[in-house]
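Scroll down for the structure; my scribbles are underneath it.
The values are calculated or read from the model by the stated rules, or taken from the named source; none is laboratory data. Quantities reported herein were computed from a predicted structural model and do not represent experimental measurements. We place every Cβ from the backbone using ideal geometry, glycine too, and count neighbours over all the protein chains shown. Remember, those area values only see protein heavy atoms, side chains included, never the ligands or the DNA or RNA. Shrake-Rupley method; radii C 1.70, N 1.55, O 1.52, S 1.80 Å.
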Number of protein chains: 4
Amino acid sequence: MSNKAVSKKKDLNVGIVGYGFMGRTHSNAYLQAPRFFDVAYRPVLKAVCARNADRVKGFAENWGYQSVETDWRALVTRKDIDLIDIASPNDTHAEIAIAAAKAGKMVLCEKPLGRTAEEAKAMVDAVEKARVPNMVWYNYRRVPAVVLLKKLLDEDRFGRIFHYRSQFLQDWTISQDLPQGGEGLWRLDSAVAGSGVTGDLLAHNIDMALWLNGPITEIAFLCRFQNGSLALFEATRHARGHKALFTLEINGERASAAWDLHDLHRLNYFDHRDEGQLRGWKSVHITDGDHPYMKNWWVPGLQIGYEHTFIHQVADFLVALDGNRTAAPTFRDGLATDYVTDAVLKSAKTKKWEAVPVA
Amino acid sequence: MSNKAVSKKKDLNVGIVGYGFMGRTHSNAYLQAPRFFDVAYRPVLKAVCARNADRVKGFAENWGYQSVETDWRALVTRKDIDLIDIASPNDTHAEIAIAAAKAGKMVLCEKPLGRTAEEAKAMVDAVEKARVPNMVWYNYRRVPAVVLLKKLLDEDRFGRIFHYRSQFLQDWTISQDLPQGGEGLWRLDSAVAGSGVTGDLLAHNIDMALWLNGPITEIAFLCRFQNGSLALFEATRHARGHKALFTLEINGERASAAWDLHDLHRLNYFDHRDEGQLRGWKSVHITDGDHPYMKNWWVPGLQIGYEHTFIHQVADFLVALDGNRTAAPTFRDGLATDYVTDAVLKSAKTKKWEAVPVA
Amino acid sequence: MSNKAVSKKKDLNVGIVGYGFMGRTHSNAYLQAPRFFDVAYRPVLKAVCARNADRVKGFAENWGYQSVETDWRALVTRKDIDLIDIASPNDTHAEIAIAAAKAGKMVLCEKPLGRTAEEAKAMVDAVEKARVPNMVWYNYRRVPAVVLLKKLLDEDRFGRIFHYRSQFLQDWTISQDLPQGGEGLWRLDSAVAGSGVTGDLLAHNIDMALWLNGPITEIAFLCRFQNGSLALFEATRHARGHKALFTLEINGERASAAWDLHDLHRLNYFDHRDEGQLRGWKSVHITDGDHPYMKNWWVPGLQIGYEHTFIHQVADFLVALDGNRTAAPTFRDGLATDYVTDAVLKSAKTKKWEAVPVA
Amino acid sequence: MSNKAVSKKKDLNVGIVGYGFMGRTHSNAYLQAPRFFDVAYRPVLKAVCARNADRVKGFAENWGYQSVETDWRALVTRKDIDLIDIASPNDTHAEIAIAAAKAGKMVLCEKPLGRTAEEAKAMVDAVEKARVPNMVWYNYRRVPAVVLLKKLLDEDRFGRIFHYRSQFLQDWTISQDLPQGGEGLWRLDSAVAGSGVTGDLLAHNIDMALWLNGPITEIAFLCRFQNGSLALFEATRHARGHKALFTLEINGERASAAWDLHDLHRLNYFDHRDEGQLRGWKSVHITDGDHPYMKNWWVPGLQIGYEHTFIHQVADFLVALDGNRTAAPTFRDGLATDYVTDAVLKSAKTKKWEAVPVA
């Protein structure tokens, strides 16, 4: 952002629930967004809430929160709070979000929205009834290379889509002590109500796919989109050697593209219009000033990291807020993902294809 | 091979059916194998058979075949032929193979063995009844990097296997004129009796998987192996930007490995025993003298190509022959793949998981 | 950083000169370092100084500087400033640094230290006479992958070093309007006193090389290190297609390693002790908790970016300060690089090898 | 090559000197070229010559040579020989080539042409005086990806060239027993008359550079081309971890390209005309039917290897022969490389830039 006279910013008072990994990424995003993006609001870190009073105090000091709470019910009714940010475990999402909406607060919620689509549906109803701004933290939508891909798709550069494939591979739960059994790995996860690899990792794959490639109509790991394309998804924590390998590839009639999180600035792009002898995959380093978000950061070739996706999301939320618009993914978008992951778990039990409801 | 006095080689008289793409790769393999490998037999190109007399004559001249035939029935009964090699279209495999076996000839057959498992089963019965050496040309088993991977698996370096995934991506059938419809691409192929992408590409994925990771018990694109691991397979000719991208990756408890055909000399290997800070994927350029087959070729760093997989297969066949042993994949191995591809096609229709019979 | 009670931090009052690209990276680093690293000091942004009063005010507002100055002479004598940070153009470095040192301030200076080694020598004399902490912003020393490489070298894993090569390739100055002529590209730069590609890009290559591989004794683009190894360096802004491709590779008797800035989390490492068939280059994604700096950020697989190198440098400076130690690279280290770049420019004129003085 | 009636081929009687690594690659090329390429001549393997009678007999049997010789003087005067191929050590090249030319034979010679430019000049004089076809085995000119690059350069797609860089990195001579000393590694080689890394590896870099980027005018490792571009070359056998890593990159005003021998089918290409947001390096897998030489081999995506470069060279030689034309690189081209490598060795001694004579 240039140094021209900074427009006077309006305060947006934030109260956050949770101080874990996501508490850190969100707090950082609130502080950094107005420094790097030209937004009308400056988030004010009013309060952080968690049950452990000592630890929450340390967190507040580190990030500059003005106060602490140990009961989220107290937080959501405070008059000096405009926005409730839910960064606590999945089983708390629905209750807090619904209460916050009823109290007229804007609500931001970590993903997955609910543990089940049923929970998520109740959350959507609450924010839509209260007409409050709402957003789910599917942060990977804000990787510059992914945003550029979305733009290329919207420009209809790909033509009819034939294939989509996406993985989220990790290896940190491989251990002799876990009951992985011949029962299959995803079963293990499906036993954990609303969480496990399905809600944790696969939800990212699904949200990204719905955003880039539209609604899914039926699924059995192999999945069919409304646009006729077929997709394969895989999310696991037993893929030895992979840390957080979130990948995606899309193959259309005229173009294809691929991306992964371990090399997040690269968009690999194949354009069928390229001349014959030189057809090939282009490795584009998405760090130029005309690439999404990048003019707000450094110069071509210099990279940003994971936490920047959250900063971008806050910046977009603040811009939308100023324009009385909604920043996606909304709770309704989050519900769409929950419908798909519910169908995945059902298909794992029935061993058949399962239809996916419309969100 | 060193220049020491070359052992006197025995003749092995070959009659081949078909002069297309595979006719060329097989013919080249028969000529090259004894020059680069220390084998007891030298294949003699006795006869090539095809219906077009003019073209078969040109082929014979180019490769040095001593005679031509235009009726395979004449070929399989010639006294001066030891081995019948079937490189003609899939719908001719069963009839020729069974007749050749009855005539007491060794039989080599292009893949897939039969158009259906039923056809393949009859072929297995014929060669096993006749007790003749038999082999299916699943040539990718002979890529040095893949052979090394097999060796590493056999040494139990991977521990329990969790995941296997394999693709064969091509794009050459994408065209406005083909009826690809919303019906799904693999359906198009499943309509073609025993051929299409399933028999053409997927069969390579399956044969390789069975060899490396053991029997498959049930399948629905997502597939389960007898060893408890789960796998995803994908074969398509509508993946824009990919020419012949045959890939595989296997994730075990202690190690993982990945390979692809576009960079066929690379084996990417992850060893969990590596020390903490330096854990990572090793990119091994499989061109050293102690790598499979490579001492017979050039020096470290210098590559071989596609046709060499056929040369290796002939060399292995000749060595086995001299030792009264069988070189894999035999017809029975080919049948195992046909059982799986049949189940794939069935699952595509029933939209359920389907069990795979034991070959 | 965990949420345990945050130790009360001491104030470190910062006055910065310059509000450009480097003004932003340094300001961000002062704010972020104490939030992510357990340091005893918290930098307080006391004042920013630049000639344009309007723009410096906008910068101060954005980053939270408490005051502005338009004359650096006023800044360096303010009683309420502990540390002067020089982020202004190269031709101002010496004068400001010497005045700041005389005023007893700690001095941090952007690279290259001086336009010439002569200037740099005067700066070293000033800070060493005043006995004030001093540091040069060669930020790439703080890339986690590079720090790990330094550690591996210090552990003597590489044995005798044979080769070092390093590039800094950019393309943004290629234009029809620039007088690039047959005279050669580096000549163009050598005509610009103390700046150009030599001081701008090559200085990074040299600083890194001196840190990793020790003193250079003579140079003519091909260069010899004191340890007997030979090196090739190349820095250019006319390498079409490259944005900020800073690369390095080091080949030792027992190990080799390579890194580049466009994929900054990867360390490619070759260990000669690896067993025969599996010798290869390991691609290590430097994002684990036991990798340099990374435990202060996110979880394995998640990346950081360019600005984090500055945050690390501030964190290290603050830790050193608390321990009455010096964080490198000091001004004396910066002088060593200036000696080398001076010799490069001389060699370009004499077309001979030139000796490099000891810093 | 299609199966249409094969045109009757004329015999070309070959006598080869040497049965080592290069004896094998040349022999294979003579046999394979007429099978895969539509050439008017079919090389007939008349005789192989080497001093060890037993080993040369084994070699002859393996490759089908009709006779053996143990004295090259007898070979070069045989009436039934059209072409002498010199695949023996460097110190035999000049004497054999000059005698063969005098005897009116076509002469093919392994690289480098002479041990010194002086030797090479005498060889050029001999073949040019005798007006016999002559060629040097700089085989890497025939890698399809490299041929395509040459074509792109000839089409002036790159505009003015700024940079060229090329390496040949190996590690097989690193050993405790070799006297590598502080004297520098390339010195070791320069002491070996006409051989060592300079003639063995660097000669390949130079020949390729002269072919792609035109004459070199002066050199000191950093080297200047007649077209004004600057280049860096490096050839070593002490680069731990590299097997035969022959690389090259060329940067022009409008385009850049890079290639390496470990991934020989890839041409990495950057086109400055590409639209802004999608500028990037294209990875082109040079295996299509419209790529150089590839229609004679398999189908898109399937690779060829090292020995194919020799097959291509023979095919080109035979085609040229039939058209009474010359296939490059001729002996005169080989002399140009020797002029450069001589200057490299001289510069290593004088520690100055040295001019390169015009070949």
Mind giving me the FRET efficiency for D:Lys79 and D:Asn52? R0 is 22 Å, r the Cβ-Cβ distance, nearest 0.05 is fine. 0.30
Per-residue mean of C-beta atoms belonging to partner chains within 10 Å, peptide D:258-271: 4
Spatial separation of Cα centroids for region C:232-290 and region D:271-297, in angstrom: 26
Mind ranking B:99-105, C:125-131 by how tightly packed they are, going by the mean number of other C-beta atoms within 10 angstrom, highest first? B:99-105, C:125-131
Could you list, in their original order, any pairs among B:Lys150/C:Lys151; C:Lys352/D:Lys282; A:Lys282/D:Lys151 whose Cα atoms are separated by more than 29 Å? B:Lys150/C:Lys151; C:Lys352/D:Lys282
Among the Cα-Cα pairs of region B:254-327, the proportion with separation greater than 21 Å, in percent, is 44
Keeping the other protein chains in place, figure out the carbon and sulfur percent of the accessible area of region D:195-251, with a 1.4 Å probe. 54
If the cut-off is a Cα-Cα distance under 12 Å, which aspartates and glutamates reach C:Lys295, setting aside same-chain residues fewer than 8 apart in sequence? C:Asp38
Calculated on alpha-carbon atoms, Rg and Dmax of region B:231-355 in Å: 18.6, 52
If you take the square roots of the eigenvalues of the alpha-carbon gyration tensor of the protein assembly as shown and sort them as a ≥ b ≥ c, do you get rounded (a/c under 1.5), prolate (a/b over b/c) or oblate? oblate
What list of ³J(HN,Hα) couplings, whole Hz, do you get for region B:133-140 from phi and the Karplus terms 6.51, -1.76, 1.60, once you set θ to phi - 60° and write x for glycine and proline? x, 8, 7, 9, 7, 7, 5, 5
Distance in nm between label sites at B:Arg42 and A:Asp71, each 7 Å beyond Cα in the beta-carbon direction? 9.6
Give me a single rounded figure for C:217-228: the average over its residues of other chain Cβ atoms within 10 Å of their Cβ. 3
Sum of side-chain charges, B:Leu12 neighbourhood, beta-carbon under 12 Å (Lys, Arg +1; Asp, Glu -1): 0
Quick one: how many lysine pairs in region D:1-107 have C-alpha atoms under 15 angstrom apart, if they're 8 or more apart or on different chains? 6
Packing-wise, with mean Cβ within 10 Å as the measure, how do B:132-142, A:269-279, C:253-263 rank, highest first? B:132-142, C:253-263, A:269-279
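Quickly rank C:305-314, D:33-42 as a protection proxy: mean count of other C-beta atoms within 10 Å, highest first. Present the calculation step by step, with values, prior to reporting the outcome.
Working: C:305-314: 24.9, D:33-42: 19.6.
Top of the packing list down: C:305-314, D:33-42.
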What value, in deg cm²/dmol to 500, does the helix sum -39500 (n - 2.57) over DSSP H runs of n ≥ 4 give at 222 nm once divided by the residues of the protein assembly as shown? -10500 deg cm²/dmol
Just to check I understand the Karplus step: with θ = phi - 60° and J = 6.51 cos²θ - 1.76 cosθ + 1.60, what whole-Hz values come out for region C:263-275, glycine and proline as x? 9, 5, 8, 8, 10, 8, 9, 10, 10, 5, 6, 4, 5
In region A:46-121, with Lys and Arg counted as +1 and Asp and Glu as -1 at Cβ, which of these residues, A:Ala47, A:Pro89, A:Gly58, has the Cα nearest the positive end of the dipole, that is, farthest along it? A:Ala47
Mind checking A:289-302 for the average number of partner chain beta-carbons within 10 Å of each residue's beta-carbon? 4
Per 5 Å bin, what is the whole-percent P(r) computed from every C-alpha pair distance within region B:1-116? 2, 12, 23, 23, 19, 11, 6, 3, 1, 0
Over the protein assembly as shown, average the accessible area per residue using a 1.4 Å probe and give it in Å², no decimals. 34
Taking both sides together, what accessible area is buried at the C/D interface, probe 1.4 Å, expressed in Å² and rounded to the nearest 100? 3800
Inter-centroid distance (Cα atoms) of region D:111-179 relative to region B:1-75, Å: 37
Can you tell me how much longer the chain between A:Asp322 and A:Arg254 gets when fully stretched, taken as 0.36 nm per residue apart minus their C-alpha distance, in nm with one decimal? 20.7 nm
Once a ≥ b ≥ c are taken as the square roots of the eigenvalues of the Cα gyration tensor of chain B, is the result rounded (a/c under 1.5), prolate (a/b larger than b/c) or oblate (a/b not larger than b/c)? oblate
